[in-house]
Amino acid sequence: MGTNGIKHVRIDERLIHGQVATMWTNTIKTNRIMIVDDAVVKSDMEKVALKTAVPSGVKLSILTVKGAANNINNGKYEGQQVFLIVKSPHALRGLVDAGVELPQINVGNMSTKAGSRQIKKSVSVTEEDLEDFDYLLKKGIKITAQMVPSEDAVEFASLLKNKK
């Protein structure tokens, strides 16, 4: 089976975040960070900030869900080591719906919002997030929660069960 180039998928509201980005980039030996977020694509300010935050030697793609799905499905990143980062599971659900195969999903940071509840130190989920995670889990995608590479990955489904 051909690889679509996606090496690691992370949900982190801060997207490319200082040390975290550098640690993950080094750990997974990525050569491209792909931000998939319909809103960020439209925000010049956020794009500039992201370009500044990218570790040196790493390419950056900032794409809509649709654009990313098209590129990935057309084999644009084959043979690359893509580190895909989104702010919420909703973008990943969109990618999966568009036929993108995700290796597994690592949940890093989802901040507290109105109507969300905390399920782990840095992870709070809303009802919509829960529906999206449920959808992704039902598709057989492994989801773990892990802030930094040195921390043990926790099965996400077990976090959800504990908090129901």
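Numbers for the structure displayed
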read-out: Residues that are within 27 Å of THR22 (Cα to Cα) and open to solvent by less than 20 Å² (accessible area, probe 1.4 Å), drawn from the stretch 117-135; value: ILE119, VAL123, SER124, VAL125, ASP129, PHE133
read-out: Subset of the stretch 112-137 (residues that are small (Gly, Ala, Ser) and either touching a strand residue (DSSP E or B) at 6+ places or on another chain (Cβ under 9 Å) or in a helix (DSSP H, G or I) (or both)); value: SER116, SER122, SER124
read-out: Selected residue [among the hydrophobic types (A, V, I, L, M, F, W, C), in a helix (DSSP H, G or I) and in contact (Cβ under 8 Å) with a residue 60 or more places away in the chain] from ILE72, ILE16; value: ILE72
read-out: Leading residue by the ranking (nearest to the chain's Cα centre (by Cα)) among those in the stretch 65-111 that are farther than 21 Å from TRP24 by Cα and open to solvent by 70 Å² or more (accessible area, probe 1.4 Å); value: HIS90
read-out: So LYS87, is it modelled with pLDDT of 95 or more, basic (Lys, Arg), more than 24 Å from ASP134 (Cβ to Cβ) and out of contact with any Cys (no Cβ under 8 Å at 6 or more places or on another chain); value: no
read-out: Residues located in the stretch 1-47, provided they are of a type in the set (S, T, N, Q) and open to solvent by 20 Å² or more (accessible area, probe 1.4 Å); value: THR3, ASN4, GLN19, THR22, ASN26, THR27, ASN31, SER43
read-out: Breaking point among (1) closer than 24 Å to LEU130 by Cβ; (2) surrounded by 15 or more Cβ atoms within 10 Å (Cβ to Cβ); (3) at pLDDT below 95, for ALA114; value: (2)
read-out: Hits in the stretch 136-164 - residues which are open to solvent by less than 50 Å² (accessible area, probe 1.4 Å) and farther than 24 Å from ILE28 by Cβ; value: LEU160
read-out: Lone unmet requirement of (1) at pLDDT below 95; (2) at negative phi; (3) in a loop (DSSP other than H, G, I, E, B) for LEU159; value: (3)
read-out: Extreme residue, farthest from VAL82 (Cα to Cα), among residues of the stretch 1-26 that are at pLDDT below 95 and of a type in the set (Val, Ile, Thr); value: VAL20
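The values are calculated or read from the model by the stated rules, or taken from the named source; none is laboratory data. The structure displayed is predicted, hence computed values, not measured ones. Glycine also receives a Cβ, built like all others from the backbone with ideal geometry; neighbour counts cover every protein chain displayed. We work out accessible area using only protein heavy atoms, side chains counted, and drop any ligands, DNA or RNA first. Shrake-Rupley method; radii C 1.70, N 1.55, O 1.52, S 1.80 Å.
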